[in-house]
């Protein structure tokens with residue numbers, strides 16, 4: 001009787017160690033590089049280790065380019081303190097933060113008025129949560145409207161649109177099985193043209209689950225300058241992380 005070997009959990013190629021994540025839903029091998037230096041190989045269940053290694057080795061020039069891009073970005077920005085005078089992003093622009101008394105800011109604790117952010121004083125450590133809530137509401141409205149605009153152009157009909165925290169590495173996710181498209185609330189910090197790029201990108205995945213030539217042809221048909229937008233988004237990264 002032949003014992004089945006457990007799937008490998010990591011792969012080392014030319015001194016670089018990749019965590020291996022297996023999926024029964026994937027059909028192709030993918031590689032991801034995080035700004036923090038984490039390397040991943042995403043692979044369909046059953047792919048031989050030798051094929052994984054050859055695929056990763058062929059992509060090493062791309063991996064090293066990503067490392068160089070992240071290094072050029074410099075260190076991540078320091079965490080925001082939500083104090084008077086700090087500048088907070090929204091749709092690609094930065095707005096100065098002022099602290100106001102609760103009597104001057106009835107209703108929600110955060111507002112964008114007269115070209116500045118207003119934050120109620122004495123939130124006792126809840127300032128970030130108040131801003132996340134504000135951004136999330138704006139992201140739902142903005143992204144929902146852009147999905148409604150682009151869905152007919154892409155000829156795609158998502159079953160729903162979700163805005164939530166997708167972690168540090170993803171702006172959007174498309175579930176081809178449920179036809180649900182999800183977006184990171186932080187996307188609303190980026191310029192409008194980059195919001196539109198991510199929306200078109202995820203809607204196109206409803207037709208093409210992978211990033212093959214047909215995928216990019218569909219994106220280009222709706223957004224001819226997608227390469228410029230993708231490059232800008234890659235360079236910006238999550239530098240405006242809240």
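I'd like the residue in the range 166-183 that is under 15 Å from the mean Cα position of the chain (by Cα) and in contact (Cβ under 8 Å) with a residue 24 or more places away in the chain and, out of all such residues, is surrounded by the most Cβ atoms within 10 Å (Cβ to Cβ). Per the criteria, the residue is 183. Taken as a whole, the condition of being outside the structural domain of residue 176 (by TED's automatic domain parsing) and under 30 Å from residue 130 (Cα atoms) does not apply to residue 20.
For the range 14-29, what are the residues that are assigned to a strand (DSSP E or B) and at pLDDT 90 or above? Result: 16, 17, 18, 19, 20, 21, 22. Can residue 192 be described as out of contact with any helix residue (DSSP H, G or I) (no Cβ under 6 Å at 6 or more places or on another chain), surrounded by fewer than 20 Cβ atoms within 10 Å (Cβ to Cβ) and at pLDDT 90 or above? Here the answer is yes, as residue 192 does meet what is asked. Of the residues making up the range 195-215, those that are over 19 Å from residue 164 (Cα atoms) and touching a helix residue (DSSP H, G or I) at 6+ places or on another chain (Cβ under 7 Å) are 204, 207, 208, 215. Every test in (1) closer than 25 Å to residue 33 by Cβ; (2) modelled with pLDDT of 90 or more; (3) in contact with a helix residue (DSSP H, G or I) (Cβ under 7 Å, 6 or more places away or on another chain) is passed by residue 234 save one, and that test is (2).
The values are calculated or read from the model by the stated rules, or taken from the named source; none is laboratory data. Here the structure is a predicted model, which means the values were calculated and not measured. In this analysis, Cβ positions are derived from the backbone assuming ideal geometry, glycine residues included, and neighbour counts consider all displayed protein chains.
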